[in-house]
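The values are calculated or read from the model by the stated rules, or taken from the named source; none is laboratory data. These figures come from a predicted structure and were not determined experimentally. Cβ placement follows ideal geometry from the backbone for every residue including glycine, while neighbour counts extend to all protein chains displayed.
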Protein chains: 2
Amino acid sequence: MNFEEKTLSRREIFQGRVFQVAVDEVELPDGKGVSTRELVFHNGAVCVLPLTEENKILLVKQFRKAIEATSLEIPAGKLEVGENADPKAAALRELEEEIGYRADLELLYDFYTAIGFCNEKVKLYLARNLEKVANPRPQDEDETLALYELDLDQALAAIEAGEICDAKTIMAIQYWQLLESGTVS
Amino acid sequence: MNFEEKTLSRREIFQGRVFQVAVDEVELPDGKGVSTRELVFHNGAVCVLPLTEENKILLVKQFRKAIEATSLEIPAGKLEVGENADPKAAALRELEEEIGYRADLELLYDFYTAIGFCNEKVKLYLARNLEKVANPRPQDEDETLALYELDLDQALAAIEAGEICDAKTIMAIQYWQLLESGTVS
C-alpha cells in the first residue's frame, strides 16, 4: 500500500521563536488528487517525571496563555537550538531551573504531541534519586512557577478535577501507576 | 501567587482550515515586564481506544505530513465546527469512517496535546462491544488508511520500535496496560 504524500509546493507562513508554520500542497497517493496540509514545526522538548524518596511527584503550576488558565504539570522545557544532540542535559537543566533538583534520568518515551499537524517530539524521562541543588540555576525570566508535591491519589484526583490536563503529565502519571502496580519496573 | 499573563495586544498571523495562529504581547505577573506568546488555536479532536472481544487493539496506519513518515495510531479525528457539543458522536463517526465499527464508548481522559503553545484539547474514549458496520461511512477523501490488529505485547513492541510514536496512542496503550494489570477497571 502506498501512503506517501508528495510535496508539490510549500508556502512559508510564519517564522517564530517557538515554532514555524507552513502550508504544503501535496499529491495524495493512488491518484486521489491534491490536498493541502497545514503544518507547525517545532524543535522538540523534554519533560521529567520526578519521583521523590517518599514516592511523591513534583509538579509545577504555571499560567498557559494558549488556554488562558493555570495548569499543574511535570517539569518540561523546549530544546534550545543545538540541544537536540543532548536532550538529557536539557532535561537536567529544566529540572534544576524549574524545581531546583538534580537526579538520575531514565528515558521512558519519545512521542509526537500533535502528530496530525505538528512535528514537536517530546522525550519523557523518569527522575529518581532526587537531590536538592544548593544554588539552582534561576527560572526563565518570563516564567512564574509554583512547586507542588502530590502523592499518587492526589495526582489522580487532580486529573479528575482538570487541574492536571495536559498529555505529557497524564502520561507520566499513568506510568507511575504502572510502576506502583508492578506492571513496569 | 499571581500567575496571570494579561494580553496587551494580539497579532493575527494565519487563519487555516485546521488551526489559527496568533502572537500575543503579554504583561507578565508581578511587574516582570512584557513578553510575547506564539499561539496555535485548534478546535479540538477525539480519539478512541478500540479493544476487541479477543483483547486486541485496532490501529490505523497513515502518512503524517508533519513528520514525513507513516505512523500507527488509534482512530482519531478533528471536531468539525459545531461538534464540540457532541464529541461522542464525533468519536463514533471516526470509529466508523476509519475502521468500520460501532461501539460503546466511555470517556477516559480529556487533555491538551501541546499546552505550551496550543489549545488543542483531545478526548480519549475506550470503545468496547465493537460491532462491524455493514456499510460504513467512507473514509475522508484525503485519507489513506490501513487497519492493524495487535495484542498488547505487539503494541508495546511497536512503541519500542517507534512505529507507534504519538502521545494519544501511547496514552491509550498505557491505559490498556492498567486495565490488564487490574489497576483500573
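Of the candidates B:A114, B:A89, the single residue that is on the phi < 0 side of the Ramachandran plot, crowded, with 23+ Cβ neighbours inside 10 Å and outside any strand (DSSP E or B) is B:A114.
For region B:162-185, a tally of residues being within 7 Å of chain A (Cβ to nearest Cβ), more than 20 Å from B:T113 (Cβ to Cβ) and part of a helix (DSSP H, G or I) returns 2. When we screen A:E163, A:E131, A:E141 for residues that are at pLDDT 95 or above and surrounded by fewer than 14 Cβ atoms within 10 Å (Cβ to Cβ), the only hit is A:E131. Candidates are the residues of region A:117-126 that are assigned to a strand (DSSP E or B) and in contact with a His (Cβ under 9 Å, 6 or more places away or on another chain); the one that is surrounded by the fewest Cβ atoms within 10 Å (Cβ to Cβ) is A:K121. Note on region B:1-59: residues that are closer than 30 Å to B:T169 by Cα, charged (D, E, K, R) and in a strand (DSSP E or B) amount to 2.
Among the residues of region A:144-160, those identified as under 20 Å from B:Y112 (Cβ atoms), touching a strand residue (DSSP E or B) at 6+ places or on another chain (Cβ under 8 Å) and either basic (K, R) or surrounded by 13 or more Cβ atoms within 10 Å (Cβ to Cβ) (or both) are A:T144, A:L145, A:Y148, A:L150, A:A155, A:A158, A:I159. Taking the condition surrounded by fewer than 23 Cβ atoms within 10 Å (Cβ to Cβ) and closer than 30 Å to A:K6 by Cα, does A:G100 pass? Spelling it out, it is not the case that A:G100 is surrounded by fewer than 23 Cβ atoms within 10 Å (Cβ to Cβ) and closer than 30 Å to A:K6 by Cα.
For every residue, the table says whether it meets (1) under 30 Å from A:T144 (Cα atoms); (2) modelled with pLDDT under 95; (3) within 11 Å of another protein chain (Cβ to nearest Cβ).
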site	(1), (2), (3)
B:N2	yes, yes, yes
B:R10	yes, no, yes
B:R17	no, no, yes
B:D30	yes, yes, yes
B:S35	yes, no, yes
B:N43	yes, no, no
B:I57	no, no, no
B:A89	no, no, no
B:E96	no, no, no
